[in-house]
Amino acid sequence: MPRRRLLRSRDLSVYHERIRRRGVHPIVYWVARAVLVPLIRVWFRLEGVGRDHVPGTGPVLVASNHRSFLDPFVLGSLVRRPMYFVAKQELFRNPINGWFLNCLGAFPVCRGASDSEALITSRVLLERGRVVTVFPEGTRVRTGSLREPRRGVGRLALETGAQVVPAAVIGSERARRGWRIRACRVRVRFGRALTFPRVEAPSPRLAEEVTARIWPCVRLQWEWLGGLPPLRRAAVVGAGSMGTALAAVLARAGLEVELGCRTRQQAQELARSRKNDRYLPGVRLPDAVAVSSVADIELAGVDLVVLAVPSEALPQAVAAVGDRVGRRSAVLVVSKGLAGPLGTVPSHYVGERLRTRGVACLAGPAHARETV
């Protein structure tokens, strides 16, 4: 096994050495670009915003989210300069496939671990004034919001002094189904370039701090495109058994939670005792859960609004909070049965009356105690 790993490491080092010495293969690269770029733009109805933010000269480090194997090609088709990028080492097992990708500017990276060889290659390319794209998440994240980044992008930015262009891709995750590449709409947005002072040997803490400066800019591009933001704050409307249980679960997941009671008196009692003995005895509310009346909850900046009221009370709850829910909020409906007066499915009833990012319905569990 060690010998096989050594041979595999030697095989991968060939691609690193080739890309460091020669860069892209001019004939293969420009022929492939002439063929692939029109196809990508038409097939994926590609829309690029902020392309002028990518400098035309000098070293550039593009930091982007990663939704699909198509992302490097989508980004590269919008950048007017040859773009180098990391690709998982499994793609280089086939010599022909590895050679072709290497000619287009790809070099292998070992996912799930710190790959010093890939970092050296990236640093060499940036010192020569090239454009290098990295995916700080470390792997593809096909659904949901963005994952937390690794500090390698901050280290590269400090060691090379390259300008960092935050970018986001959305829609590419819908392109592949099995071996089929489906037509879909893909959108990309580039942000303004960031600059950091060059440091010869940055400490891990400094690299983390710079990464923490870069990643919010990537999130900004992502959310501008309509991507799902991370859940930070939640408001639960309804302090019954299910509302109390969900408030506790969301708080344990790290969210700032506000639980809304029907009256201020109920809110004061629950805030003092931290127990809802009437509806969910034996469950203590975490300290992270703030308790107030529904009328006092500020809903404009909330990421998730949970409507945990009986279906017969849903029309009143929607009427009470409808004009205060922000358009970028998501709504989770936890009402069982049909909403009046026409017997509408709760999620449809809410979706027709609230202009939000999206509406979802939680059908189970059968009892709130099973949640906690």
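The numbers here are math on the coordinates, done by the rules we state, and not lab data. No experiment lies behind these values; they were computed from the predicted model shown. Every residue, glycine among them, receives a Cβ derived from its backbone with ideal geometry; neighbour counts consider all protein chains shown.
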Quiz item: What is the pair-distance distribution P(r) of region 233-370, computed from all Cα-Cα distances in 10 Å bins starting at 0, with each bin given as a whole percent?
Solution: 13, 47, 34, 6, 0
Exercise. Give the peptides 289-297, 229-237 in descending order of average Cβ contacts within 10 Å, highest first.
Key: 229-237, 289-297
Quiz item: Percent relative contact order of the chain, based on C-alpha pairs within less than 8 angstrom and at least six residues apart?
Solution: 13
Quiz prompt | Over region 233-370, relative contact order from alpha-carbon pairs under 8 Å, at least 6 apart, % | solution = 24
Quiz item: Per 10 Å bin, what percent of the C-alpha pairs of region 2-224 does each bin hold, from zero upward?
Solution: 8, 34, 39, 17, 2
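How high is the relative contact order of region 158-216? Use alpha-carbon pairs under 8 Å, at least six apart in sequence, and give a whole percent.
46
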Practice problem: Loop only per DSSP, at most 11 neighbouring Cβ atoms within 10 Å: give me the GluC sites (Glu not before Pro) in region 160-254, ordered by residue number. | Solution: Glu200
Exercise. Could you list which residues have their amide H under 5 Å from that of Val257, counting only those 5 or more apart in sequence or on another chain, with H placed in the peptide plane?
Key: Ala234, Ala290
Practice problem: May I ask you to order 303-311, 212-220, 179-187, 16-24 by the average number of other C-beta atoms within 10 Å around their residues, highest value first? | Solution: 303-311, 212-220, 16-24, 179-187
Quiz item: Among Ala212, Gly144, Ile40, whose Cα lies farthest out toward the positive end of the dipole of region 2-224, if unit charges sit on the beta carbon of Lys, Arg (+1) and Asp, Glu (-1)?
Solution: Ile40
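Which value in deg cm²/dmol, rounded to the nearest 500, describes the helix-derived mean residue ellipticity at 222 nm for the chain, given -39,500 (n - 2.57) per DSSP H run of n ≥ 4 and division by the residue count?
Calculated mean residue ellipticity at 222 nm is -11500 deg cm²/dmol.
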Practice problem: Report, to the nearest 10°, how far helix 2-22 tilts away from the longest principal axis of the Cα atoms in the chain, using its own Cα long axis and a range of 0 to 90°. | Solution: 70
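Taking loop as defined by DSSP and a crowding limit of 14 other beta carbons within 10 Å, which trypsin sites (Lys or Arg not before Pro) in region 256-287 fit?
Within region 256-287, the qualifying trypsin sites (Lys or Arg not before Pro) (loop, at most 14 other Cβ atoms within 10 Å) are Arg274, Arg278.
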Quiz prompt | Qualifying trypsin sites (Lys or Arg not before Pro) for region 289-334 [loop in DSSP, other Cβ within 10 Å: at most 12] | solution = Arg327
Practice problem: Using only the Cα atoms of the chain, each taken as one equal point scatterer with no solvent, compute I(q) by the Debye sum, divide by I(0), and report log10 of the ratio at q = 0.07, 0.11, 0.15 Å⁻¹. | Solution: -0.43, -0.85, -1.16
Self-check item: Bins of 10 Å, starting at 0 and running to the largest distance - Cα pair percent for region 23-105
Solution: 15, 49, 33, 3
